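Data first, discussion second: the structure below is written as C-alpha cells.
Bear in mind these aren't lab numbers, they're just calculated from the coordinates by the rules spelled out. As the structure is a prediction and not an experimental result, all values here were calculated from the model. Cβ placement follows ideal geometry from the backbone for every residue including glycine, while neighbour counts extend to all protein chains displayed.
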Amino acid sequence: MFKAVLNQKPSSPALPTDPNCVSPPRRRKRFEMPLVPHIGSKKFAQSQNQLNGKISNADRRGDFFARRQRIAQQRKSLPIASVEKRLVEEVRNNDTLIIVGETGSGKTTQLPQFLFNWGILS
Ligand SMILES: Nc1ncnc2c1ncn2[C@@H]1O[C@H](COP(=O)(O)OP(=O)(O)OP(=O)(O)O)[C@@H](O)[C@H]1O
C-alpha cells in the first residue's frame, strides 16, 4: 500500500513548474548595525562596570526592582538598542533580513525581545 501511494502521480502540477504561478518577489535586505563603543573596548568595559557598581549592593539584597533596573540599563547600553525601531521595521518590510553586527552587540539576546515587544512574535 505504501508503494502504491509513492507511485501515484500528483493530480495537479507542482507549484514551481506551473507557468501560471507567479510568486511575489521576495524582499531581501542586509542590515548593518552602527559601530558604537562596544565590548572589547575600554569605554564599554567602563560603562558596564559603572552599571554593575551602581546597584550591586541593592542587587545583593535581592532587590527585585534594582535588579530589573540594572538589566534595563545594560540592555539600553548595547549597540542594538539604538536601532531597535529601524530594525523592527526592516523585519516587518522584508522576507529575509541579514543582520550584521559586532559580536556581543545584542543580536541573539535582544532581537527576539524586540520582536515580541513590538507584536511581531507572540
Ligand atoms: N548569560 C548572560 N549573562 C550575562 N550577560 C550576557 C549573557 N549572555 C549574553 N550576555 C551579554 O549580552 C550582550 C549581548 O549578547 P548577544 O549574545 O545577544 O550578542 P550577539 O550580537 O548575538 O553576539 P554574537 O555575534 O557573538 O552571537 C553581550 O554584552 C553579552 O556579554
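Can you tell me how segment 80-121 classifies by the Cα gyration tensor, rounded, prolate or oblate, using a/c under 1.5 as the rounded cut? Please report the intermediate quantities before stating the final value.
On the way: a/c = 1.75, a/b = 1.27, b/c = 1.37.
Oblate shape, in that a/c is at least 1.5 and b/c is the bigger or equal ratio.
Say the cut-off is 20 Å between C-alpha atoms; which of 29/76; 43/76; 42/85 go over it? Write down the numbers at each step before the final one.
Details: 29/76 25 Å; 43/76 15 Å; 42/85 28 Å.
Pairs exceeding 20 Å: 29/76; 42/85.
Less than 15 Å Cβ to Cβ from residue 91, Lys/Arg counted +1 and Asp/Glu -1: what total charge do the surrounding residues give? Provide the component values of the computation, followed by the final result.
Working: positive: 26, 27, 28, 29, 30, 85, 86, 92, 107; negative: 32, 84, 89, 90, 95.
Overall, the nearby charge balance is +4.
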